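These notes are about the structure you will find just below.
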Amino acid sequence: MSILVFIEHAEGEIKKSSLEAVSYAAAMGEDVTAIAIGPVDESILKAAGKAGASKVLHAADEKLEKGLIQPYAKVIAQAMEKEGAKTLVLAKSSLGDPVAARIAAKLKAGFVSNVADLPDTSSGFSVKRSIYTGKAFANVEMTTETKIIGIKKNAVELKEDGGDASVEAFEPTLEDADFAVKITSQDKQTGEILLPEAEIVVSGGRGMKGPENWGMIEDLAKTLGAATGCSKPVSDIGWRPHHEHVGQTGVKVSPQLYVAIGISGAIQHLAGVNSSKYILVINKDEEAPFFSAADYGIVGDAFEVVPKLTEALKAA
Ligand code: FAD
């Protein structure tokens with residue numbers, strides 16, 4: 001019996017969060033088969049082997065190009081049946097969560113999302129789920145035979161020492177009714193990099209004084225290959241577009257590095273950045289609350305610090 005892992009891909013690459021899901025499944029000690037949906041180069045799918053998959057099923061139908069919840073759920077459920085998989089692992093994401101919920105309803109499976117640690121099987125099967133935007137954990141016991149586990153981004157160490165996975169075509173049975181809705185276009189939200197997916201985010205707050213000063217945020221972001229974000233007041237005043245607003249009422253990010261510049265660190269902002277692996281805060285007020293959530297801090301005037309930092313990074 002194997003574990004099935006749904007792997008998402010974008011722009012010709014398997015998403016890192018999906019490779020983390022593969023590593024998680026591999027660490028459970030079972031044979032891991034992955035399923036990829038939509039057109040993508042097979043050589044890219046082989047790379048799932050490095051993270052621990054022995055085989056990748058590929059449902060390459062062009063109709064499945066964009067992440068559609070209904071048909072994706074059907075494809076994955078059929079793949080589980082084909083493989084005899086009683087456990088599905090996938091990355092917590094805006095696609096993964098609704099797809100998993102549909103499969104759970106269809107297969108009468110237990111589904112826990114935002115899981116941050118390997119299951120405890122010492123008595124039963126329980127998983128540790130991150131709650132309250134990463135401030136606490138809940139231990140959840142899963143009692144169904146079929147289980148679906150959604151993995152929190154950055155919570156699992158990525159395994160990179162496996163070999164290539166074999167890739168096998170998978171042809172699911174789909175009907176026109178499975179395509180009841182259609183995505184006609186997808187627009188990128190910010191610069192070249194999508195904010196919710198970004199590995200590095202550079203965000204500015206009211207301390208940046210005005211939209212005319214955002215050039216230095218963008219310059220630093222470009223140098224780091226980062227997406228740009230902002231605090232809520234900044235988008236409310238219209239200095240930046242609303243889709244860049246990070247926090248409780250905005251985008252939740254979970255990058256490797258979150259750089260907060262001239263942002264005080266109000267609880268509502270922190271709610272959107274708590275899952276970042278590292279946080280660097282640049283603020284001229286050493287009492288700014290953000291420093292207590294930071295891994296690294298620079299007390300200083302952003303207008304002096306940021307250009308110097310960018311210059312140093314460019315020179316490095
Ligand atoms: P400020 O609080 O004005 O802080 C500016 C910071 O810049 C200060 O720390 C200051 O020391 C620093 N600074 C000033 N000049 C410089 C300089 N030259 N160099 C370096 N640092 C400098 N906020 C969000 O961001 N996201 C949300 O999702 C969100 N949701 C909310 C929901 C509700 C229901 C409510 C009530 C509020 C919400 N807020 C949210 C607002 C939140 O409470 C704060 O008001 C907001 O985050 C503050 O934004 P700021 O840090 O940019 O501005």
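Each value in this text was obtained by applying a stated rule to the coordinates, not by laboratory testing. Please read these numbers as outputs of a predicted model, since none were measured by experiment. Cβ placement follows ideal geometry from the backbone for every residue including glycine, while neighbour counts extend to all protein chains displayed.
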### Task
Kindly state, to the nearest 0.05, the FRET efficiency for ASP295 paired with ARG206, given R0 = 35 Å and r defined as their beta-carbon distance.
0.95
### Message
From the phi angles alone, apply the Karplus equation (6.51, -1.76, 1.60; θ = phi - 60°) to region 249-263 and give each ³J(HN,Hα) in whole Hz, x where the residue is Gly or Pro.
### Response
9, x, 7, 9, 10, 9, x, 5, 9, 10, 9, 10, 10, x, 10
### Query
Modelled label-to-label distance, GLU160 and THR184, 7 Å Cα→beta-carbon offset: nm?
4.2 nm
### Query
With charges only on Cβ, +1 for K and R and -1 for D and E, what is the dipole size of the chain about its Cα centre, in debye, rounded to 20?
760 debye
### Message
Rounded, prolate or oblate, given the Cα gyration tensor of region 252-316, with a/c below 1.5 counting as rounded?
### Response
oblate
### Query
What list of ³J(HN,Hα) couplings, whole Hz, do you get for region 267-278 from phi and the Karplus terms 6.51, -1.76, 1.60, once you set θ to phi - 60° and write x for glycine and proline?
4, 5, 6, 4, 4, x, 10, 4, 8, 5, 5, 10
### Most positive-pole-ward Cα, ALA101, PHE6, ILE44, against dipole of region 5-132 from beta carbon charges
ALA101
### Structure-based [θ]222 nm, the chain - -39500 (n - 2.57) summed over DSSP H runs of at least 4, per residue, nearest 500
-7500 deg cm²/dmol
### Message
Can you sort TYR258, TYR278, TYR72 from fewest to most other Cβ atoms within 10 Å of each residue's own Cβ?
### Response
TYR278, TYR72, TYR258
### Query
Can you list the residues, at least 5 places off or on another chain, whose amide H is less than 5 Å from the amide H of ALA10, using H built in the peptide plane?
LYS15
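At 0.36 nm per residue, and after removing the present C-alpha to C-alpha distance, how many nm does the segment from MET28 to VAL140 gain when stretched out fully?
38.6 nm
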### Message
Can you give me the distance in nm between label points at ASP41 and GLU11, each placed 7 Å from the Cα along the Cα-to-Cβ direction?
### Response
1.5 nm
#### Entry: Phi to ³J(HN,Hα) by Karplus 6.51 cos²θ - 1.76 cosθ + 1.60 over region 139-144, Hz, x for Gly, Pro
8, 10, 8, 9, 10, 7
### Message
Can you tell me which of SER113, SER122, SER235 moves the most in a GNM of the chain? Springs connect C-alpha atoms under 10 Å apart.
### Response
SER122
### Query
Taking H as built 1.01 Å from N, whose amide H comes closer than 5 Å to the amide H of THR87, not counting residues under 5 places away?
LEU4, LYS147
### Message
For LYS55, what residues show an amide H to amide H distance below 5 Å, using hydrogens built from the backbone and excluding near sequence neighbours?
### Response
ALA34, SER166
